[in-house]
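Undergrad: Before we start, here is the structure in question, set down as structure tokens.
The values are calculated or read from the model by the stated rules, or taken from the named source; none is laboratory data. All of these numbers come straight from a predicted model, not from anything done at the bench. For neighbour counting, all protein chains shown are included, and Cβ atoms are generated from backbone atoms with ideal geometry for every residue, glycine included.
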Amino acid sequence: MDKFVIKGPSILKGKVLISGSKNSALPILAATLLFDKPVIIQNLPRVKDIDTMLNLLKSLGSKIEFFNNKKKVRISKTKNPKYFASYSLLKTMRAGILVLGPLVAKYQKSITSFPGGCVLNGNSGRPIDLHLSALQKLGMKYEIKKGYIHAKSKGKLRGKSIKFPTISVGATQHLIMSAVLSDKKTVLSNSSIEPEVKELTNFLNCAGANIKWIGKRTCQIIGVKSLKETNYTIMGDRIEAGTFCVAATLTKGNLLIKGFNPKTISTELNFLKKTGARFKIFNNEIHIKGPQKIKKINHIITKEYHGFSTDLQPQFMVLLCKAIGKSSITENIFKSRFMHVMELQRLGAKISVKNNKAKIEGNTSFIGAEIMSSDLRASAALVLAAISAKGTSIVSRVYHCDRGYENIEKKLKKIGAKIKRIS
Ligand code: EPZ
């Protein structure tokens, strides 16, 4: 298992090019199962989860051809589609479940393993009940046998009005793609409106789908017969960009962060403004300078979009540790997403957690230590903390980081971090 050896503190300066959005690419790749014609996807991030999704598509009979250093892929249907999505491919990645609906929509059957993925919710796990119950409303029937969901439908899935009881990114994406080829109209209310959901609807509409947002959280899908050949470029990753914005703020840095739409993190940027960070925003980039002293942010509450993103909560916690004065974070999406706290404490952080609320003392000078990543965004937070810490830190289990950040150590090295990967 690889580790990062990081010597701090460093001031990060220079240019960073953001990779394609992992969480947009994953559902779009799953949606390629709906096509008879080839699909070209560009600006794919070269991260582990994308490899896993492509291997999953291959195992389902898709032909995968790479171009441009694997950042561009052509996916086409072969004569032998398969319907079995194995545990070995789904156990590490929750987004693998998104093949279930498209397989049933296209071939009326699928045997799909329960998925794995980051452990973010303690004993509550990461259920897929919202996905399954909404798919049932479209006419899918299923049984669970030995960890696999055996699903089928009699003919095409049928359009329906469905109100999600809870807002879910994955369930909204899953239902949108499952309804695209259905009979009649589907209306999904209380849907997620995360940019990654809108990116999926943009992609499908480019391919001839008939999807409209008809209310703040209401998405209407009118089924079409088939989807046409499409060439689509994935948007830049807002969570990677937000991570680098925190890095600049944390280290009194000065970064030009390119290749993403800053509007997609406007809520988080407002919080960075409160710390004293200064920035200039352009269409597809941001120039950000960190403050000499990080001012206090009183309270962060994670929420669905346009609220503060749970995927930037661990990184902002690092910032709050170094800010002047006390602050707190309430985590509303994954109520126990605080696995990074114990590791930050090894570096000297003073944080206490009760239920879904963390209280952070502030004014901390981190001192390098051995620390361990527990999940994707936690690993990014630990890397940032180590860069701002005095002395050497060793961050283990960086495979979590590799699932979602493309070449993170190369990008950080280029802007002045002293970071080395060891095996
Ligand atoms: C997506 O996960 C992202 N993953 C996550 O990013 C992100 O943290 C999350 O959305 C929230 O923004 C991908 O896009 C691949 P949810 P998802 O369904 O779809 C509960 C990262 O670091 N729920 O919106 O799994 C669930 O437990 C990852 O890149 C149910 O109860 O999130 C959670 O409390 C981690 N039943 C809440 O809803 C269900 O069937 C929101 O989860 C589904 C979800």
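Residues are listed down the side, and each one gets a yes or a no for (1) in contact with an Asp or Glu (Cβ under 8 Å, 6 or more places away or on another chain); (2) in a loop (DSSP other than H, G, I, E, B):
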site	(1), (2)
177	no, no
197	no, no
201	no, no
205	no, no
208	no, yes
226	yes, yes
239	yes, no
242	yes, no
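Undergrad: Looking at (1) among the aliphatic types (A, V, I, L, M); (2) touching a helix residue (DSSP H, G or I) at 6+ places or on another chain (Cβ under 9 Å); (3) touching a residue at least 24 places away in the same chain (Cβ under 8 Å), find the lone condition where residue 386 falls short.
TA: It is condition (2) that residue 386 fails.
Undergrad: Just to be sure before I move on: is residue 154 in contact with a Phe, Trp or Tyr (Cβ under 6 Å, 6 or more places away or on another chain) and closer than 20 Å to residue 223 by Cα in the structure I sent?
TA: no
Undergrad: Here's something else I'd like to know. Just to be sure I understand the filter: pairs with C-beta atoms under 9 Å, separated by 6 or more residues or on different chains, first member in region 301-312 and within 14 Å of residue 269 (Cβ to Cβ), second member more than 9 Å from the ligand (Cβ to nearest atom) and charged (D, E, K, R). Which pairs pass?
TA: From region 301-312, the pairs are 308/268; 309/238; 309/268; 309/303; 312/238; 312/268.
Undergrad: Here is a follow-up. Under the condition of being among the charged types (D, E, K, R) and surrounded by fewer than 16 Cβ atoms within 10 Å (Cβ to Cβ), which residue from region 336-356 is farthest from residue 298 (Cα to Cα)?
TA: Quick first cut of region 336-356, residues among the charged types (D, E, K, R) only: 337, 343, 346, 350, 354.
If we keep only those that are surrounded by fewer than 16 Cβ atoms within 10 Å (Cβ to Cβ) too, we end up with 350, 354.
Details: 350: 16, 354: 17 Å.
This residue is 354.
Undergrad: Can you tell me which condition residue 109 does not meet? The list is (1) more than 26 Å from residue 262 (Cα to Cα); (2) away from the ligand (no atom under 16 Å from the Cβ); (3) at pLDDT below 95, and all the others hold.
TA: Among (1) more than 26 Å from residue 262 (Cα to Cα); (2) away from the ligand (no atom under 16 Å from the Cβ); (3) at pLDDT below 95, residue 109 violates only (3).
Undergrad: Out of everything in region 403-418 that is farther than 17 Å from residue 254 by Cα and crowded, with 22+ Cβ neighbours inside 10 Å, what residue ends up being nearest to the chain's Cα centre (by Cα)? So that I can check it myself, show each step before the final result.
TA: Quick first cut of region 403-418, residues farther than 17 Å from residue 254 by Cα only: 403-410.
Among the residues that remain, those that are also crowded, with 22+ Cβ neighbours inside 10 Å are: 404-405, 408.
Details: 404: 7, 405: 10, 408: 15 Å.
Selected residue: 404.
Undergrad: Moving to a separate point now. Restricting attention to strands (runs of 3 or more DSSP E) lying wholly within region 250-297, give those where 1 or more residues are surrounded by 21 or more Cβ atoms within 10 Å (Cβ to Cβ) and modelled with pLDDT of 95 or more. Steps first, please.
TA: Numbers: elements: 254-258, 278-281, 285-289.
The strands (runs of 3 or more DSSP E) meeting that bar are 254-258, 285-289.
Undergrad: Checking residue 205 against (1) in contact (Cβ under 8 Å) with a residue 24 or more places away in the chain; (2) within 16 Å of residue 177 (Cα to Cα); (3) of a type outside the set (Gly, Ala, Ser), only one condition comes out false. Which one?
TA: Looking at each condition in turn, residue 205 falls short on (1).
Undergrad: Sticking with this structure for a sec: Within region 138-151, is even one residue within 11 Å of the ligand (Cβ to nearest atom), modelled with pLDDT under 95 and assigned to a loop (DSSP other than H, G, I, E, B)?
TA: Taking region 138-151 and keeping what is within 11 Å of the ligand (Cβ to nearest atom), we get none.
Scanning region 138-151 turns up no residue that is within 11 Å of the ligand (Cβ to nearest atom), modelled with pLDDT under 95 and assigned to a loop (DSSP other than H, G, I, E, B).
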